[in-house]
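Q: Pasting a structure here, questions to come.
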Amino acid sequence: MAAAKERKSHKEAKRQTEPQKGTKKHKKEKQEEKGEISHKKAQKSTKRRKKEKLATKRHEKAQESRWEDINELCDLVRQTSFEIHQFLRSGHLEKVYENALTHRLTKSGLNVQQQYPIDVFDEDGTVLGHFIADLLVEECLIVEIKACRTLANEHVAQILGYLRASRFETGLLINFGAQKLQIKKYLLTHDD
């Protein structure tokens, strides 16, 4: 009988500490729980906005680059590519040509970043994936390098995808694998 009394007193104590369903106190606790979830969602969207701002700042910095005439920069990369192709000819791996172009452009005083990561965002700011461009020259020119027999439509789609995702306007597609050096320049203006 004493055990039954203990069970009853334990149940009564539990009822007093936990609010019953349907009461104002119970509803308030549920709203607080939802508030915590909303707070987590707000933190995620804040992180997304920070990434977008960083991408925008990177783009603005590229626009302020010391290379005001992008055509001069493209000509310099073209000339350097031609010299590399004359020296190495075709038949090497893409990475060899990428390293050679990076080395020679850096030696001539340009800022070159290899394997430059580019985030791709959805319209609500969610990161959908990442591209990795072969080279970013002077923070304003994307260079995609190939070592194949001839350029294909997939290669063109790739460079245009990089330009769209990065918000840069100019890209070069260079194929060192053919008997003759192939270079194509792509311009993609962004309507904001």
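Coordinate-derived values only; no laboratory data. Because the structure is a prediction, the values reported are computed rather than measured. Using ideal geometry, Cβ is built from the backbone for each residue, glycine included, and neighbour counts are taken over all protein chains shown.
Q: With labels modelled as points extended 7 Å from the Cα through the Cβ direction, what inter-label distance (nm, one decimal) is found for N153 paired with R89?
A: 3.4
Q: Let me ask something additional. Among residues other than N71 whose Cβ falls under 11 Å from its Cβ, what is the net charge (Lys/Arg +1, Asp/Glu -1)?
A: Summing Lys/Arg as +1 and Asp/Glu as -1 gives -2.
Q: For R164 and D191, compute 0.36 nm times the residue count separating them, minus their Cα-Cα distance, and round to one decimal in nm. Let's see the in-between values first.
A: Working: separation 27, 0.36 × 27 = 9.72 nm, distance 1.08 nm.
So the chain would gain 8.6 nm between R164 and D191.
Q: What value does segment 68-187 have for Rg/Rh, both radii from Cα atoms and Rh as Kirkwood defines it?
A: When Rh is taken as the Kirkwood radius, the ratio is 0.97.
Q: Across segment 177-182, in residue order, what do the Karplus-derived ³J(HN,Hα) couplings come to in whole Hz, using 6.51 cos²θ - 1.76 cosθ + 1.60 with θ = phi - 60° and x for Gly and Pro?
A: Going residue by residue, I get x, 7, 4, 10, 4, 10 Hz, with x marking Gly and Pro.
Q: Let's test the formula: R0 of 22 Å, r as the Cβ-Cβ distance of Q79 and Q113. What FRET efficiency results, to the nearest 0.05?
A: 0.65
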